[in-house]
Amino acid sequence: MSLLTGNSHSLSEEEIDEYSDGTVKLRNSNIELMDQDILYHLALGSESHDLVEMFGDVKFVCMGGTPKRMENFAHFIMEDIGYKLPAGTQLQDISAYSYRYSMYKVGPVLCVSHGMGTPSVSILMHEMIKLMYHAKCKDPVFIRIGTCGGIGVEGGTVIITEDALDGQLRNSHEFTILGQTIHRPAKLDKKLARELKSLSSADDPYDTIIGKTLCTNDFYEGQGRLDGAFCEFSENDKMAYLEKLQEHGVVNIEMESTIFAALTHHAGIKAAVVCVALLNRLNGDQVNAPKEVMHEWQQRPQILVSRYIRKILAQHGQLKSLFGHQGSIKSPRRFKLVQQESQAHE
């Protein structure tokens with residue numbers, strides 16, 4: 001990457017060849033010069049933990065906003081793929097000492113919370129990509145599972161992102177690095193999106209669609225809401241904007257897709273975004289669905305992603321051979337240091 005151009009390039013043929021063995025590569029030669037790479041916000045370290053033993057079998061990294069959602073998904077996927085924990089054990093939050101993100105491992109599936117908004121996702125993504133690298137994972141698939149506001153689609157609709165757009169409808173994410181502005185393509189795997197769509201069922205009591213997603217930097221003004229602490233535009237202005245988005249093919253709005261797409265694409269990782277709409281923004285700004293309805297809606301993207309995971313595992317004959325194992329600590333002294341370092345970065 002050259003900051004002088006103001007843009008970052010896509011992977012060249014030579015760079016793509018480097019990924020041919022399926023392992024995740026980093027674009028940072030400094031990592032290999034470090035005594036230990038501490039993943040501060042995950043409470044893990046490359047020398048304190050045996051990351052290959054702990055995470056080397058990971059094939060699917062599923063991310064969502066809240067710790068509770070991802071804990072629920074971990075239990076859901078564990079039952080759905082028939083994964084069995086060793087007797088006397090239970091699911092544990094691997095990153096509990098970080099106090100920031102939560103992480104649960106269910107065999108080849110890693111369930112991680114990413115918080116809200118692009119800055120929170122960016123921090124997690126850097127460390128998750130490095131985790132995949134240190135663990136020597138091969139061909140991991142990253143999937144974001146979330147909620148969103150629909151545009152012209154009703155609450156409960158499952159939306160698979162085709163293109164992630166920023167506030168100016170650019171299919172990229174803008175970064176300021178060393179005082180210079182660059183753009184990285186916010187590309188998701190369209191083949192994966194189509195495969196996920198193919199797993200929707202005619203028996204599902206809701207629609208599953210593919211469309212463009214608008215990613216904003218805030219929840220209120222950036223999304224054209226009238227109910228924030230500040231609002232210096234009219235309802236007519238808001239509706240004209242939402243109609244413009246709809247004409248451009250945008251079907252939903254959220255706050256994480258461009259950074260998620262840009263960083264996975266930059267790392268050569270196959271990725272997808274699957275969200276459920278909590279309301280149709282053309283009809284209002286506030287979610288009024290009952291709690292139990294909201295809970296059922298939020299399970300819908302999980303069901304679709306679980307179908308995909310089951311399909312891939314079945315294709316590789318791995319659906320019935322899963323048995324849990326806990327990772328090991330290589331160095332108790334370094335393990336304690338990682339805990340202290342993570343807690344110091346509150």
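The values are calculated or read from the model by the stated rules, or taken from the named source; none is laboratory data. Because the structure is a prediction, the values reported are computed rather than measured. Using ideal geometry, Cβ is built from the backbone for each residue, glycine included, and neighbour counts are taken over all protein chains shown. Quick note on the areas: whole protein, heavy atoms, side chains included, nothing else; ligands and nucleic acids left out. Shrake-Rupley method; radii C 1.70, N 1.55, O 1.52, S 1.80 Å.
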Exercise. If each Cα of the stretch 161-255 is one equal point scatterer, what is log10 of I(q)/I(0) from the Debye formula at q = 0.15, 0.20, 0.23, 0.25 Å⁻¹?
Worked result: -0.74, -1.05, -1.17, -1.24
Seminar exercise, completed: Options (i) 0.95; (ii) 1.00; (iii) 1.34 for Cα Rg over 2.2 N^0.38 Å; the value derived from the coordinates is listed as (ii)
Problem set entry | Order of exposure, largest accessible area first, which applies to His248, His134 with probe 1.4 Å | His248, His134
Exercise. When DSSP assigns beta bridges and you keep just the ones with both residues in the chain, what percent turn out antiparallel, to the nearest 5?
Worked result: 40
Problem set entry | Dipole moment magnitude, nearest 20 debye, the stretch 29-342 about Cα centre, only Lys, Arg, Asp, Glu C-beta charged | 1080
Seminar exercise, completed: Given 235-247, 63-75, the highest-first ranking by average Cβ count within 10 Å works out to 63-75, 235-247
Exercise. Which order do peptides 44-57, 290-303 fall in by mean Cβ count within 10 Å, highest first?
Worked result: 44-57, 290-303
Problem set entry | Cross-link reach list, aspartates and glutamates versus Lys25, counting only Cα pairs under 14 Å and skipping chain neighbours closer than eight places | Glu14, Glu15, Asp17, Glu127, Asp139
Seminar exercise, completed: The long-range amide H neighbours of Val273, using H built 1.01 Å from N in the peptide plane and a cut-off of under 5 Å, are Arg144, Thr161
Problem set entry | Candidate aspartates and glutamates - alpha carbon under 13 Å from Lys68, same-chain residues fewer than 8 apart omitted | Asp93
Exercise. Carbon-plus-sulfur fraction of the accessible area of the chain, 1.4 Å probe, in percent?
Worked result: 50
For this session: Please give the per residue accessible area of the stretch 29-342, computed with a probe of 1.4 Å over protein heavy atoms only, in Å².
Result: 45
Seminar exercise, completed: So, over other residues within a Cβ distance under 14 Å of Leu124, counting Lys, Arg +1 and Asp, Glu -1, the net charge is +1
Exercise. How far is helix 257-266 tilted off the main Cα axis of the chain, in degrees rounded to 10, range 0 to 90?
Worked result: 40
Problem set entry | Between helix 332-344 and the chain: long-axis angle, C-alpha atoms, 0 to 90°, nearest 10 | 30
Exercise. Where the centre of each part is set by its Cα atoms, how far does the stretch 181-229 sit from the stretch 35-91, in angstrom?
Worked result: 25
For this session: Measure up Lys197/Lys244; Lys138/Lys311; Lys59/Lys311 against 20 Å on the Cα-Cα distance and list the ones that go over.
Result: Lys197/Lys244
Seminar exercise, completed: The cysteines in the chain that find no other cysteine Cβ closer than 4.7 Å to their own Cβ are Cys62, Cys111, Cys137, Cys215, Cys231
Problem set entry | Residue-wise HN-Hα coupling along the stretch 76-88, computed from phi with Karplus coefficients 6.51, -1.76, 1.60 (Hz; x: Gly, Pro) | 5, 5, 4, 6, 6, 9, x, 7, 10, 7, x, 3, x
For this session: Report, in deg cm²/dmol and to the nearest 500, the calculated mean residue ellipticity at 222 nm for the chain, where each DSSP H run with n ≥ 4 adds -39500 (n - 2.57) and the sum is divided by the residue count.
Result: -10000 deg cm²/dmol
For this session: Would you grab the residues whose amide H sits under 5 Å from the one on Leu44? Only those 5+ places off in sequence or on another chain, please, with H modelled 1.01 Å from N.
Result: Leu39
